[in-house]
1. Taking 35 Å as R0, compute the FRET efficiency from the Cβ-Cβ separation of Thr127 and Arg332 and round it to 0.05.
2. For the peptides 59-69, 229-239, 181-191, what is the packing order when you average, over each peptide's residues, the other Cβ atoms within 10 Å and list the highest mean first?
3. Ignoring ligands, DNA and RNA, what percent of the accessible area of segment 124-190 is carbon or sulfur (1.4 Å)?
4. When the solvent-accessible surface of protein heavy atoms is calculated with a 1.4 angstrom probe, in what order do Leu51, Leu148 fall, highest first?
5. Determine the per residue accessible area of segment 103-217 with all protein chains present and a 1.4 angstrom probe, expressed in square angstrom.
6. Return the loop-located chymotrypsin sites (Phe, Trp or Tyr not before Pro) in segment 224-259 (DSSP other than H, G, I, E, B) with at most 14 other Cβ atoms within 10 Å of their own Cβ; answer none if there are none.
7. Once the principal axes of the Cα atoms of segment 191-316 are found, what is the range along each, listed largest first in whole angstroms?
8. Can you sort Ile296, Ile280, Ile220 by 1.4 Å-probe accessible area, starting with the largest?
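The values are calculated or read from the model by the stated rules, or taken from the named source; none is laboratory data. All values derive from a computational prediction rather than experimental measurement. Note: ideal-geometry Cβ built from the backbone for every residue, glycine included; neighbour counts use all protein chains shown. We work out accessible area using only protein heavy atoms, side chains counted, and drop any ligands, DNA or RNA first. Shrake-Rupley method; radii C 1.70, N 1.55, O 1.52, S 1.80 Å.
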Amino acid sequence: MTSPPPTSTSTDLKRELGLFDAVMINAGTMIASAIFIVPATVAAAVHGTALMTLVWVIGGIVSLLGALSIAELAAAYPEAGGQYAYLREAYGTVWAFLYGWANFAVINTASIAAIAVGFARYIGFFTPLSEAAIRVIAVLSIVGLTLLNCRGVRLGATTQNVLTTLKIGALVALIVTSFVLPGGAASHFQPLWPSGTVGQWIGPFGVAMVGVLWAYDGWIETTYVGSEIMDPGRNLPRSIILSTLIVVALYVLASVAYVYVLSPAGVAGSALVASDAAKITMGGIGATFVVVAILISTLGANNGIILTAARIPYAMARGGMFFRSQGIVHPRYATPAVALLTQGVIASALTAFGTYDQLFTYVVFAQFVFYALSAGAVMRLRRTAPQLARPYRTWGYPVTPIVFISFAVWLVYNTIVETPKDSAIGAGIILLGLPGYWYWKKGAVGGGRGR
């Protein structure tokens with residue numbers, strides 16, 4: 001393996017992924033464990049089937065607006081790193097670097113750790129596990145998926161295709177059995193709307209929306225492997241939009257199915273809403289079915305993140321803005337092996353020491369800061385780079401990105417108001433990347449730095 005030259009566009013990665021692969025990467029990353037649990041959080045915040053469903057519909061629409069906006073950038077800049085490239089082109093290297101730093105150091109690695117621990121905890125359904133055993137299993141799952149993805153993007157994508165197909169099938173089965181098998185009733189949909197005025201439930205509606213938007217998060221994942229998508233001008237925007245539409249439909253139907261079986265009060269009072277609903281319709285086997293579905297979902301979500309997220313430090317290194325070793329491509333498997341392994345080591349360390357939850361809480365709001373900036377980049381580049389080839393142009397422009405930016409700003413504001421201390425620490429963690437930016441910026445100007 002040899003170090004690459006410090007350029008922003010060079011790549012040794014190969015275009016091996018088609019439209020189906022890209023859709024499965026996105027959908028598989030979006031569908032983790034949230035849809036099996038978060039509906040209870042929504043029901044506890046807002047009362048009434050119609051309002052509960054509306055939260056999922058509006059959250060899906062907001063996510064779709066983001067997907068429609070950023071799809072334009074994905075088609076125009078089909079590069080490794082996705083948002084890193086868009087922010088670089090629209091705002092310069094400082095915002096791109098801070099985005100890359102935040103994702104490399106905390107956001108993606110903490111997400112991988114959290115999902116891995118969730119996966120290991122659900123294995124405890126079949127056999128008692130100590131806290132130490134849970135962490136060991138979680139680390140082993142990270143190591144296994146990392147090594148798998150080091151051996152080729154095709155292998156990682158095929159694994160993702162299988163896991164995503166299984167999890168979609170399991171979710172569809174859960175929805176269908178909720179309506180077809182005995183246990184549910186149309187009367188459970190009552191009440192449709194909560195009592196009181198709009199002013200009384202608009203606040204709780206916002207609280208519920210935060211959880212729903214996190215559940216939908218992941219619709220941008222396939223952009224990170226933009227340099228490995230075949231016919232990217234066509235397949236990248238299609239995959240982003242199609243995967244988002246698929247997940248929105250599944251989430252809305254699942255939330256309605258849970259209420260049909262349990263009623264709004266039953267959903268609100270359930271710690272494991274999907275499992276409780278399945279127990280009623282399928283009996284004892286229902287709980288086992290849901291646990292298996294969650295295991296597949298969490299494993300698939302982590303495979304998608306591990307596969308795609310390592311392309312961010314890879315892109316940074318290729319542009320001379322990170323350790324050059326992170327841009328090394330395996331000569332046989334054509335994968336960013338060093339970036340994948342480094343990511344795996346950090347995620348495993350966070351898992352072993354149990355620090356991932358706190359870190360994730362600190363910086364998770366930053367994801368929507370960068371989403372807003374990326375949607376804004378669509379409008380900025382329309383003005384500053386009108387000659388840019390745009391195989392796909394955002395539907396509903398400029399309303400689509402403006403509405404999405406408004407929701408993202410509201411979400412960030414709400415997070416800061418509700419958790420000011422965590423938000424301040426998170427902002428501090430992100431700003432810790434500035435010394436690194438100045439270091440590599442100076443090195444890029446002077447001829448390159450770092451191993």
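1. Once the sixth-power term is evaluated, E becomes 0.40.
2. Highest to lowest by the protection proxy: 59-69, 229-239, 181-191.
3. The computed percentage sits at 76.
4. Output order, biggest surface exposure first: Leu148, Leu51.
5. On a per-residue basis, 43 Å².
6. Passing both the DSSP loop test and the Cβ count: no residue.
7. Between the extreme Cα coordinates on each principal axis of segment 191-316 lie 50, 43, 25 Å.
8. So, going from the largest accessible area down, we get Ile280, Ile296, Ile220.
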